1. Considering only residues that are within 16 Å of the ligand (Cβ to nearest atom) and either free of Cβ contacts under 8 Å to residues at least 12 places away in the same chain or outside any helix (DSSP H, G or I) (or both), which ones fall in the stretch 286-333?
2. Identify the residue in the stretch 148-168 that is open to solvent by 40 Å² or more (accessible area, probe 1.4 Å) and away from the ligand (no atom under 13 Å from the Cβ) and, among all such residues, is nearest to the chain's Cα centre (by Cα).
3. Which of (1) among the small types (Gly, Ala, Ser); (2) open to solvent by less than 20 Å² (accessible area, probe 1.4 Å); (3) more than 14 Å from the chain's Cα centre (by Cα) is the odd one out, the single condition residue 338 does not satisfy?
4. Which strands (runs of 3 or more DSSP E) does the stretch 2-121 wholly contain that include 2 or more residues that are farther than 30 Å from residue 356 by Cβ?
5. Identify, please: which residue in the stretch 185-229 is aliphatic (A, V, I, L, M) and more than 16 Å from the ligand (Cβ to nearest atom) and is, among those, farthest from residue 75 (Cα to Cα)?
6. Is it the case that residue 175 is part of a strand (DSSP E or B), away from the ligand (no atom under 14 Å from the Cβ) and among the small types (Gly, Ala, Ser)?
7. Which of (1) in a loop (DSSP other than H, G, I, E, B); (2) under 23 Å from residue 294 (Cβ atoms); (3) outside the structural domain of residue 307 (by TED's automatic domain parsing) does residue 160 not meet, given it meets every other one?
8. Could you tell me whether residue 65 is more than 17 Å from the chain's Cα centre (by Cα) and at pLDDT 95 or above?
Amino acid sequence: MMKPVLVVGAGPVGLTMAAELARYRVPVRIIDRAHGRTDQSRALAVWPRTLELLRAAGCADAFAATGLHARAVSIHSDGRTLGRVTFGEIASPFNYLLMIAQSETERLLEAHLRSLGGKVERDAELTAFVDTGDGVSCTITHAGNGREDMQAAWLIGCDGAHSSVRHRLGLAFEGDVLPTAFIIADVHVAGLRVPPDEPAIFWHPDGAVMFFPISPGRHRIIADIASVPSCDPTLQQVQAIVARRGPGGVTLSDPVWLSHFGVNERKVADYRVGRVFLAGDAAHVHSPAGGQGMNTGMQDAFNLAWKLALVMRQEARAGLLDSYGPERGPVARQVLTGSSHMTRIVLLKNRPARLLRGLVARVLFRIPAIRRTIANALSGVMIRYRDSPLNTGGAVGPRGARAGQRLDPGCGVGTGDLPRFTLVARDDAAARAMIARHATLLKPDICPPPDGGGKGMGNGIWLVRPDGYVAAVARGGDWPVIDAALTRMAAGTLAAGTRPPEQP
Ligand SMILES: Cc1cc2nc3c(=O)[nH]c(=O)nc-3n(C[C@H](O)[C@H](O)[C@H](O)COP(=O)(O)OP(=O)(O)OC[C@H]3O[C@@H](n4cnc5c(N)ncnc54)[C@H](O)[C@@H]3O)c2cc1C
């Protein structure tokens, strides 16, 4: 019998990973040392790119039906609105920001996993493992129920920022701690005069106060403070900060969560050692500014799952897995840099710097193209594996998607219970022959280019991966390029020297 993949940690990333493997009919176990799911709201933001991937996985509808659909985010200072970024023009079928408590995200992912025949084993902690070359010998300690030794084909550490898998691998988690802290409060808010489902950020000489809607009438409030306090804030302390920095007339009540946190900005250099992978907070942590942490982690899982499924199903060689870190590492690096800049802008205290910040914000937010770029960047649709060792070919046509870019031709890319590539091309005999030749890797249906192959996309052929990124681009009729890309994919042979080694 095939050894299972062992996923350690049933946070949002581990649950995504396990559900994707289960969808692809790969044997998988998922364990968590905790007795139950988190009841804290924690990560609230689910961005369009994550929703697109959840749609391919088959569970986006439940998310969309559960969360609030935020149509914009606004920034205010001195009683004026400095800028408002709307999400309506995000180039995605999901042109909104989904606000949903992490506890709900985990509930929905767990239900999705159950619907695929999987289940989380709780009170089960990974306490040791050894990579034996052809598998991983794992020791699981079940609370009150003894020790279990099991053999896993691959081990995936989705065990959070303090990852014991990362520690046992001896991987450095390099980076810094920001010299500040934040208080956090999930409370009922009355008197806030911004649209009820819109995040709003208020800048003040003392610092910022931010309101994020969670459910009707209930908001997450975050405000920066000088240093990590010795205890959690009281409702009165949060109310005092809101009264001083906020828009006035806002009353808080009924707190369900009052807490504080410091910000670490860290990342591993390697996402894989032998048969062990890291994903999510185990591999990268950063400021919650921009709400990217959980999204980046879930997208790590989407990236690794189809590759691991192809390898486990013996439809591709293990070399394919070497592309995981080189693709996801640079994305985490970019997220780290972006969230760090956002946090430092929010934290500006000295007067000239704050005046300049206000001036620049007013000017920039007036320009529609800049507002659009900010929205698209936050949404995740601009993520691109520019230097991926899986990429083949360049661009076709002025607007044609390039290798490594996301392509959403709207014909079920990545859906179904097998990890399959999609051909986006004119449906002709040559395309049909390619599908027959690579029947184990390609979906049986051909997808027409979004504009029918006209001058926008160009007369080309696009090979789209199960996670929606373009693996290969060729000019119309140049089928040997696509054939070679698919052959390389199955052989797990990566293009060498496409990018310098990733720095932590
Ligand atoms: C206050 C706050 C606000 C945030 N806001 C946002 C936001 O708006 N948007 C966003 O994208 N992100 C946000 N984040 C970040 C987000 O919460 C994390 O990125 C996310 O939880 C990471 O998910 P994960 O699955 O990698 O790890 P975790 O959620 O930490 O899950 C790890 C799991 O592993 C289990 N585990 C650990 N060790 C073992 C072991 N040895 N054996 C078995 N199980 C183990 C743990 O019990 C845990 O359940 C926020 C975080 C905080 C703290």
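The values are calculated or read from the model by the stated rules, or taken from the named source; none is laboratory data. Here the structure is a predicted model, which is why all the values come from computation and not from measurement. Ideal geometry is used to build each Cβ from the backbone, glycine not excepted, and the neighbour counts take in all protein chains shown. Ligands, DNA and RNA are stripped out before the accessible areas are found, and what is left, the full protein with its side chains, is counted by its heavy atoms. Shrake-Rupley method; radii C 1.70, N 1.55, O 1.52, S 1.80 Å.
1. 286, 287, 288, 289, 290, 291, 292
2. 151
3. (2)
4. Values: elements: 5-8, 28-31, 68-70, 72-77, 80-86, 97-99.
Result: 5-8, 28-31, 68-70, 97-99.
5. As a first pass, look at the stretch 185-229 and keep what is aliphatic (A, V, I, L, M): 185, 187, 189-190, 192, 194, 200-201, 208-210, 214, 221-223, 225-226, 228.
Subsequent filtering for residues that are more than 16 Å from the ligand (Cβ to nearest atom) retains 189-190, 192, 194, 226.
Numbers: 189: 18, 190: 19, 192: 14, 194: 11, 226: 22 Å.
Looking at the filtered set, the residue picked out is 226.
6. Details: part of a strand (DSSP E or B): yes; away from the ligand (no atom under 14 Å from the Cβ): yes; among the small types (Gly, Ala, Ser): yes.
Yes; evaluated as a whole, the condition is true for this residue.
7. The single condition residue 160 does not satisfy is (3).
8. Details: more than 17 Å from the chain's Cα centre (by Cα): yes; at pLDDT 95 or above: yes.
So residue 65 passes the test.
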